[in-house]
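Trainee: This is the structure, below, for whatever I ask next.
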Amino acid sequence: MKEQARHITTDLVHHSYQAPPAFAAIQPAVHKASTVIFDSMHDMRTRRWLDKSGFTYGLHGTPTTYQLEERLCSLEGGKQCLLVPSGLSAISTVALGLLSAGDEVLIPDNAYGPNKDFAEHELARWGIRHACYNPMDVADLHAKITPATKLVWLEAPGSVSMEFPDLIALVQACRARGVTTVLDNTWGAGLAFKPFDLLADGGSVAVDVSAHALTKYPSGGGDVLMGSIITTDNAVHMRIKLTHMRLGIGIGANDAELVLRSLSSMAVRYHAHDVSARVLAAALQRQPAVVQLLHPAFAGAPGHAHWQQLCGAAHQGQGAAAGLFSVVVDAQFDQAAIDRLCDSLQLFKLGYSWGGPMSLVVPYDIDSMRAGGRGALQAGTVVRFCVGLEDTQDLLRDLAQAWEKAFGQAWVQ
């Protein structure tokens, strides 16, 4: 029987062309898939995705997402990585994977606010308790760990107020009590210090899980939302991975492509942000209206000695400190003056997040964000600056003109 030619609509779906396997380029290929094709029923029955030995469905990974996961493991020193749609998704997925009804999670009082909100409003509904501890007081963490404590969150430095804790001692305290530790490593980004090798001795002191908002420095463009969950312990990884699978969490291939493209320049960008931020922070510290500089690389900042211990060896001994800092403006200046400062800035834009090319500024009501009080913070309004990739001298001029308009004080050179 003569074979009948197929209709063009069929050929458009079942075309015979397949790209040759060998193609070398700087940027990796982008693989998009929901359905993944198997060669045979035997192949379908035996192919595995949990160990990344094969591909079964787009939600469980493609060559593009696997490559991003492996490169992120190299960055942070981990062994397994999961990708999620945002940094907050990394926080919630870790909690759901590692906590059960009756458990307790401890969170630093200066942690990223949505982490505390998730515990208060979501975990509580599932019978999981939470409490906040003072991250600058290791004894306070010791005192708050109970038999019900199954997870301790760490953050270095703290959100907005930038206190740098004794991360090594906090991890050791948790390890002594058999409690799993999770570090929000967005600020360090795998560049300031290695979360799985805090003493730089091969890993004698390490966190159990690193959660990272790839939205920030790995993306670098202010246009991608993504997070990662990295571990070295396979049992911990599998608990989170199965939760990740059951929740149906996935990311888009084009977003993975953008992060992959940016990773190559990440270390250079991180250092540039850091260098510029230190110049601006030093200039702001000279202004009479600033009663406190909150930047861990500066002597006198809360936790500076802990930053020096953990991050001080990077960049030929200059240390690594990202491009983020805050100042406390004297309490004599009211909210109207703070708003005038922010509105008068031209290069610093009003916006959340950080790690992108554009500089940002946000004032915070720190008292409403802390259960345990201001700690080492002086009285006044906290204003956070995220330093982008603009010319440093242009940013200085922008600060100077806005400062004079806001506070009626001449800019001190």
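The values are calculated or read from the model by the stated rules, or taken from the named source; none is laboratory data. It should be emphasised that the depicted structure is a prediction, and the values quoted were computed from it without experimental measurement. Neighbour counts are summed over all protein chains in view; Cβ atoms, including those assigned to glycine, are modelled from backbone coordinates with ideal geometry.
Trainee: Just checking, which of Y112, Y133 is surrounded by 13 or more Cβ atoms within 10 Å (Cβ to Cβ), closer than 20 Å to L324 by Cβ and either among the charged types (D, E, K, R) or in the same structural domain as R239 (by TED's automatic domain parsing) (or both)?
Mentor: Sole residue among the options that is surrounded by 13 or more Cβ atoms within 10 Å (Cβ to Cβ), closer than 20 Å to L324 by Cβ and either among the charged types (D, E, K, R) or in the same structural domain as R239 (by TED's automatic domain parsing) (or both): Y112.
Trainee: With (1) surrounded by 15 or more Cβ atoms within 10 Å (Cβ to Cβ); (2) assigned to a helix (DSSP H, G or I); (3) not aromatic (F, W, Y) as the list, and I107 as the residue in question, which single condition is left unmet?
Mentor: Every listed condition holds for I107 apart from (2).
Trainee: OK, next. Of all residues in the stretch 375-403, count the ones that are in contact (Cβ under 8 Å) with a residue 24 or more places away in the chain and charged (D, E, K, R).
Mentor: Total meeting the criteria: 4.
Trainee: Is it fair to say V84 is surrounded by 22 or more Cβ atoms within 10 Å (Cβ to Cβ), in the same structural domain as V152 (by TED's automatic domain parsing) and farther than 23 Å from L198 by Cα?
Mentor: Yes.
Trainee: Next question. Given the criterion polar (S, T, N, Q), in the same structural domain as L294 (by TED's automatic domain parsing), over 30 Å from P108 (Cα atoms) and under 27 Å from the mean Cα position of the chain (by Cα), identify the matching residue among T392, T381.
Mentor: T392
Trainee: Being surrounded by fewer than 20 Cβ atoms within 10 Å (Cβ to Cβ), out of contact with any Asp or Glu (no Cβ under 9 Å at 6 or more places or on another chain), hydrophobic (A, V, I, L, M, F, W, C) and closer than 14 Å to H306 by Cβ narrows it down to one of L170, L199, so name that one.
Mentor: L199
Trainee: Listed residues A337, A410, A320; which is out of contact with any Leu (no Cβ under 8 Å at 6 or more places or on another chain) and surrounded by 14 or more Cβ atoms within 10 Å (Cβ to Cβ)?
Mentor: A337
Trainee: Looking only at the stretch 269-318, how many residues end up being touching a Pro at 6+ places or on another chain (Cβ under 7 Å) and part of a loop (DSSP other than H, G, I, E, B)?
Mentor: So the answer is 2.
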